[in-house]
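The values are calculated or read from the model by the stated rules, or taken from the named source; none is laboratory data. The shown structure was predicted, so the numbers you read here are calculated from the model rather than taken from an experiment. All Cβ positions, glycine included, derive from the backbone under ideal geometry; neighbour counts span all protein chains shown.
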Amino acid sequence: MAHLTGKKALILGGSRGIGAAIVERLAADGAAVTLTYGSSQDAAEALAEKVGAATVQADSADRNAVAQVIASQGALDILVVNAGVLVMGPALELNPDDVDRMIDVNVRGPYHAAVDAARQMNEGGRIVIIGSVNGDRMPFAGGAAYGMTKSAVQGMVRGLARDFGDRGITVNSVQPGPVNTDMNPEGGPMKDMMHSFMAIKRHAQPEEIAGMVAYLVGPEASIVTGAQHTIDGGFGA
Ligand code: NDP
């Protein structure tokens with residue numbers, strides 16, 4: 001099943017949660033993986049050692065830092081932008097600096113990383129950005145800014161798919177619903193409210209999201225592009 005053997009993959013934000021599961025899955029599928037981390041150095045290094053990946057520290061809010069990492073990779077086959085932050089709360093009370101940093105990490109980061117990576121990507125390369133079902137649907141108060149960042153991912157995926165299609169490079173987003181990570185633990189206080197919107201009333205596990213990413217970066221998905229792939233237990237149905 002090592003169908004990514006010979007492929008070079010960069011995962012931005014691969015130290016914990018969904019990103020860590022993507023690192024594990026793509027490494028198991030045979031890719032040579034480099035992962036970035038922001039602040040979780042120990043987790044990143046332990047994961048890298050476990051799966052035989054390389055690590056680089058790079059703050060995804062810092063365009064130049066990410067550009068440097070991408071430039072150092074040479075020709076990439078796969079870019080996955082997973083790094084993301086969640087700032088939620090009443091719009092009238094949120095700290096505007098926190099909102100701006102979320103926009104930096106969730107919107108400016110993925111856009112510039114995708115463009116920079118595409119400059120040096122091999123023909124048939126794959127770009128996947130982790131969005132959210134909240135890009136489609138925000139069924140409670142307090143999520144306007146986060147939902148806005150994930151709707152922005154949709155626009156960049158549609159547009160960049162057209163920019164890079166002539167080189168066979170695909171650009172897609174994966175839109176999870178609730179996933180059991182530090183960001184959204186399955187035992188957290190919001191769980192019953194979130195499950196009330198779902199057809200299958202449970203959090204996904206990070207490995208389930210990694211499975212969809214593995215499909216999108218694999219050989220069967222070369223005609224899949226410009227699309228948002230929702231995996232949310234029916235949260236947005
Ligand atoms: P976690 O908070 O559990 O992990 C976030 C990951 O992103 C960590 O590896 C973290 O690295 C990295 N990261 C965050 N900020 C930065 C930064 N500035 N620079 C570099 N890396 C950074 O989140 P999840 O795994 O839950 O979320 C991953 C993605 O999935 C996000 O884009 C999120 O919006 C999205 N998502 C999550 C859902 C959920 O329910 N969990 C639902 C829908 C979408 P480090 O600790 O090293 O800084």
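Miscellaneous remarks
- Residue in segment 2-13 that is crowded, with 21+ Cβ neighbours inside 10 Å, among the basic types (Lys, Arg) and either within 18 Å of the chain's Cα centre (by Cα) or more than 11 Å from the ligand (Cβ to nearest atom) (or both) present: yes
- Filter result for the condition that a residue is touching a Phe, Trp or Tyr at 6+ places or on another chain (Cβ under 7 Å), within 19 Å of residue 213 (Cα to Cα) and in contact (Cβ under 8 Å) with a residue 12 or more places away in the chain, over 118, 113: 118
- Members of segment 19-55 found to be near the ligand (Cβ under 10 Å from one of its atoms) and either among the acidic types (Asp, Glu) or assigned to a strand (DSSP E or B) (or both), listed by number: 35, 36, 37, 42, 55
- Residue within segment 108-115 that is away from the ligand (no atom under 11 Å from the Cβ), surrounded by 22 or more Cβ atoms within 10 Å (Cβ to Cβ) and at pLDDT 95 or above present: yes
- Positions within segment 150-193 being surrounded by 15 or more Cβ atoms within 10 Å (Cβ to Cβ) and hydrophobic (A, V, I, L, M, F, W, C), in sequence order: 152, 153, 156, 157, 160, 161, 164, 169, 171, 174, 179
- Residues located in segment 143-168, provided they are farther than 23 Å from residue 84 by Cα and either within 16 Å of the ligand (Cβ to nearest atom) or not in a helix (DSSP H, G or I) (or both): 168
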